[in-house]
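The values are calculated or read from the model by the stated rules, or taken from the named source; none is laboratory data. These numbers were taken from a predicted model, which means no experiment stands behind them. Counting neighbours? That spans all protein chains shown, and the Cβs are built from the backbone with ideal geometry, glycine included.
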Amino acid sequence: MKEIYTIILLFFFFYHNSQSVTVYDKVTYKPIPFASIQYNKNGFYVDENGTFRLNDIPSEIDSLLINHVRYKSKKIALNDIEKNIYLQPKINNLNEVLINDRYQTKTLKPLSSFIISHSSWPLSKKSEICSCLYPKNKYKETLIKQATISIKKNKTGLFKDDYQAVVRLNVYLGDSLTKGNHIFSSPIKKFYNENIDLKFNVKEQKIFFDKAGVSFCLEFLGFSKNGKILNRKAIIRPELHKKLSEAFKAKTFLKFKFKNTLTFKSVIKLINKNRLKNNPYKRRNLSIGLQLKLAK
């Protein structure tokens with residue numbers, strides 16, 4: 001009898017730990033792809049169907065924080081997790097604005113420089129490279145229709161031919177990147193290992209080029225295969241440049257997804273840290289282009 005009881009306990013233990021859990025939108029009841037599951041200073045992403053398994057979580061963890069920038073975060077004890085988890089969407093109280101119907105479109109292509117060293121940044125998975133753009137006078141309060149970020153082909157051998165990189169664009173007002181300043185997150189984009197310009201359509205979001213700056217953050221989730229993020233080292237190469245833009249000033253920094261604090265690292269400071277003190281670079285910024293709507 002004791003052996004039967006033990007077998008039953010083991011069955012329920014292994015069943016619970018192999019259980020598949022799906023994260024849903026509480027309003028639409030649709031799965032939320034690539035939400036983040038955070039514990040301590042680590043974590044992972046659910047797959048494109050919003051699903052993860054409890055055995056992906058270390059045994060010493062007693063609670064999880066489920067995050068997605070479009071939804072309210074939810075902390076839940078591991079023992080209380082059920083098959084379905086529901087997140088409440090955030091409500092964006094966007095003020096109604098009147099758009100001048102007399103306008104012209106101004107396209108600013110991603111800046112590119114012929115530079116031998118540090119022409120791109122090795123962006124690791126679970127991190128973001130952000131560029132806060134501060135508009136010059138002519139471009140203040142113009143409507144941003146599209147953002148383009150240039151990616152260079154990865155030559156390290158980590159990016160296999162059958163892998164796809166998984167990214168999304170997060171946009172914030174200013175450079176503090178707090179949840180209260182979050183404006184928009186794009187749908188997921190996937191791409192193979194090649195030189196590519198990633199185009200993000202933001203015209204429906206009514207994002208204006210505020211004088212406080214607008215931060216464009218490319219979040220790299222990792223490499224995927226068959227719809228699942230792979231648990232292995234992953235790097236992509238967003239392009240950097242050293243030019244000055246006619247339309248904005250910029251500063252570029254790194255943000256780490258599963259850190260508990262909003263600690264940012266300046267890209268130019270990281271690069272110059274390993275260079276001779278008497279020969280530092282003046283600038284290295286993310287190669288980003290914008291399509292703006294200017295009043296005539």
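Table for the structure above
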quantity: Boolean, Ile271 is farther than 20 Å from Asp210 by Cβ, modelled with pLDDT under 90 and among the hydrophobic types (A, V, I, L, M, F, W, C); calculated: yes
quantity: Any strands (runs of 3 or more DSSP E) falling wholly within region 136-191 and containing at least 3 residues that are under 19 Å from Lys203 (Cα atoms) and modelled with pLDDT of 90 or more; calculated: 143-152, 164-173
quantity: Lys199 being without any contact (Cβ under 8 Å) to a residue 12 or more places away in the chain and not acidic (Asp, Glu); calculated: no
quantity: Meets criteria (within 29 Å of Ile37 (Cβ to Cβ) and not assigned by TED's automatic domain parsing to the domain that holds Ser36) for Leu240; calculated: no
quantity: Qualifying residue in region 29-51 (condition: at pLDDT 85 or above and more than 24 Å from Asn231 (Cα to Cα)); calculated: yes
quantity: Residue in region 176-193 that is in contact with a helix residue (DSSP H, G or I) (Cβ under 9 Å, 6 or more places away or on another chain), hydroxyl-bearing (Ser, Thr, Tyr) and at negative phi present; calculated: no
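Let's see how each residue does on (1) under 30 Å from Val21 (Cβ atoms); (2) of a type in the set (S, T, N, Q); (3) at pLDDT 90 or above; (4) not assigned by TED's automatic domain parsing to the domain that holds Pro238:
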{"position": "Lys72", "(1), (2), (3), (4)": "yes, no, no, yes"}
{"position": "Ile76", "(1), (2), (3), (4)": "yes, no, yes, yes"}
{"position": "Asn92", "(1), (2), (3), (4)": "yes, yes, no, yes"}
{"position": "Ser113", "(1), (2), (3), (4)": "no, yes, no, no"}
{"position": "Ser120", "(1), (2), (3), (4)": "no, yes, yes, no"}
{"position": "Ile129", "(1), (2), (3), (4)": "no, no, yes, no"}
